[in-house]
């Protein structure tokens with residue numbers, strides 16, 4: 001009986017700590033205290049991230065998205081993932097159906113909803129990894145160094161951030177090849193990636 005009470009208490013404490021790591025905003029999106037609040041001027045945000053020795057990542061989400069919930073409540077709740085991203089990236093959240101004003105890298109001013117349509121985003125969450133320098137002749141969707149459409153488990157999610165931070169997109173090795181190679185290095189030649 002004491003074991004059952006201790007186990008139940010541990011589960012409750014773990015759930016409470018995890019739940020306290022984020023909150024739901026008025027827009028229905030999960031809010032991380034370490035996400036950056038900006039004026040959503042992407043060129044300006046790229047420059048700010050660079051000044052702080054980081055890369056800019058835009059995370060586009062929507063109310064009621066079960067995959068967004070999974071990213072926040074499971075993946076970003078993992079200290080290894082969260083701490084790596086916080087150290088190397090400035091993350092700005094966008095609402096796929098939002099009305100906040102955005103200034104795109106090509107200078108066009110539009111709403112979040114219009115921007116998501118312009119960038120041809122279909123899935124949430126989508127993470128757009130922006131280049132180190134803001135281009136003036138293309139929109140953010142065209143300029144993104146890489147994109148992660150949809151939710152992934154911890155391993156793939158973290159490896160994508162590492163690959164972008166290491167500028168893997170500039171090399172010959174695609175993300176999929178990179179991920180499979182890293183998986184085999186960690187887990188052995190005969191194991192299969194998740």
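Quick one: divide the alpha-carbon radius of gyration of the chain by 2.2 N^0.38 Å and tell me what you get.
On the way: Rg = 18.2 Å, N = 194, 2.2 N^0.38 = 16.3 Å.
Normalised Rg, Cα atoms only: 1.12.
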Please determine, in degrees from 0 to 90 and to the nearest 10, the orientation of helix 154-165 with respect to the longest principal axis defined by the Cα atoms of the chain, where the helix direction is its Cα long axis.
30 degrees
Compute the angle between helix 79-88 and the longest alpha-carbon principal axis of the chain, please, reported from 0 to 90 degrees and rounded to the nearest 10.
20 degrees
So what is Rg over Rh here for region 24-121, counting just Cα atoms and using Kirkwood for Rh?
0.96
Approximate spin-label separation residue 99-residue 37, in nm, with each point projected 7 Å along Cα-to-Cβ
1.9 nm
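Computed over the Cα atoms, what is the radius of gyration of region 87-194 divided by 2.2 N^0.38 Å, N being its residue count? Display every interim value, and only then the final one.
Working: Rg = 15.8 Å, N = 108, 2.2 N^0.38 = 13.0 Å.
So region 87-194 has a normalised radius of gyration of 1.22.
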What do you get for the angle between helix 175-187 and the principal long axis of the chain? Use alpha-carbon atoms, 0 to 90 degrees, nearest ten.
30 degrees
Give me the percent of DSSP beta bridges within the chain that run antiparallel, rounded to the nearest 5.
65 percent
Label-point separation, residue 169 to residue 78 (7 Å along Cα→Cβ), nm:
2.2 nm
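Residue separation times 0.36 nm, minus the C-alpha to C-alpha distance between residue 108 and residue 70: what's the value? Can you show the working numbers first?
Numbers: separation 38, 0.36 × 38 = 13.68 nm, distance 3.24 nm.
Result for the pair: 10.4 nm of gain on full extension.
Taken together, the values in this text are just the output of simple stated rules run on the coordinates, not laboratory data. The structure displayed is predicted, hence computed values, not measured ones. With ideal geometry, Cβ positions are generated from the backbone for all residues, glycine too; neighbour counts draw on all protein chains shown.
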